[in-house]
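> Below is the structure I would like to discuss, written out as structure tokens.
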Amino acid sequence: MMQTILQVVDAFLCVLVVIAAAEYLRRVRPMDEPLLSISFYLVAIAAFGSFIMNIKGHPVSPFTMVMHAAVILYAIAKRGHICR
């Protein structure tokens, strides 16, 4: 039961991470910030892969959930910078 709840929460966090990374990449020109753009592409790809693994039923690590939450908090904190 608890594993299922963790999988659902992590899948939701993965979707939020993909949305946050896509929004950031939509607002920033890759030529202005190449390293940051590459890192956000990798974050989006990894979050999507993690989402697929959650859908398939693989176990979830609490550390992965904390990492996803940290990326979401970073995106929220930098929202003003992104939306300028």
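The values are calculated or read from the model by the stated rules, or taken from the named source; none is laboratory data. Here the structure is a predicted model, which is why all the values come from computation and not from measurement. Cβ atoms come from the backbone with ideal geometry, glycine included; neighbour counts cover every protein chain shown. For the accessible areas, the whole protein counts, side chains as well, though only heavy atoms, and no ligand, DNA or RNA atoms are used. Shrake-Rupley method; radii C 1.70, N 1.55, O 1.52, S 1.80 Å.
> If each DSSP helix of 4+ residues adds -39,500 (n - 2.57) and the sum is divided by the residues in the chain, what number results at 222 nm, nearest 500 deg cm²/dmol?
-27500 deg cm²/dmol
> Give me the extension gain from Lys56 to Ala69: residue separation times 0.36 nm, minus the current Cα-Cα distance, reported in nm with one decimal.
Extra length from Lys56 to Ala69 when fully extended: 2.6 nm.
> Roughly speaking, to the nearest percent, how much of the chain's 1.4 Å accessible area is carbon and sulfur?
74 percent
> For Ala22 and Val9 in one chain, what is 0.36 nm times their gap in residues minus the Cα-Cα distance, to one decimal in nm?
Separation in residues times 0.36 nm, less the Cα-Cα distance, equals 2.7 nm.
> Taking 0.36 nm per residue of separation and subtracting the Cα-Cα distance, what length does fully extending Arg29 through Ile76 add?
Going from the current span to full extension adds 15.0 nm.
> Ordered by residue, what ³J(HN,Hα) values in Hz, to whole numbers, does segment 16-27 give under the Karplus form 6.51 cos²θ - 1.76 cosθ + 1.60, where θ = phi - 60° and Gly and Pro are x?
5, 5, 4, 5, 5, 5, 5, 5, 5, 5, 6, 8
> Charges on Cβ only, +1 for Lys and Arg, -1 for Asp and Glu, centred on the Cα centroid of segment 1-80; of Asn54, Leu25, Val71, which one is farthest towards the dipole's positive end?
After comparing all options, I get Leu25.
> If you average the sequence gap of Cα pairs under 8 Å that are 6 or more apart and divide by the length of the chain, what percent do you get for the contact order?
For the chain, the relative contact order is 47 percent.
> With no solvent and one point per C-alpha, what does the Debye sum give as log10 I(q)/I(0) for the chain at q = 0.11, 0.18, 0.24 Å⁻¹?
Each listed q maps to, in turn, -0.31, -0.72, -1.10.
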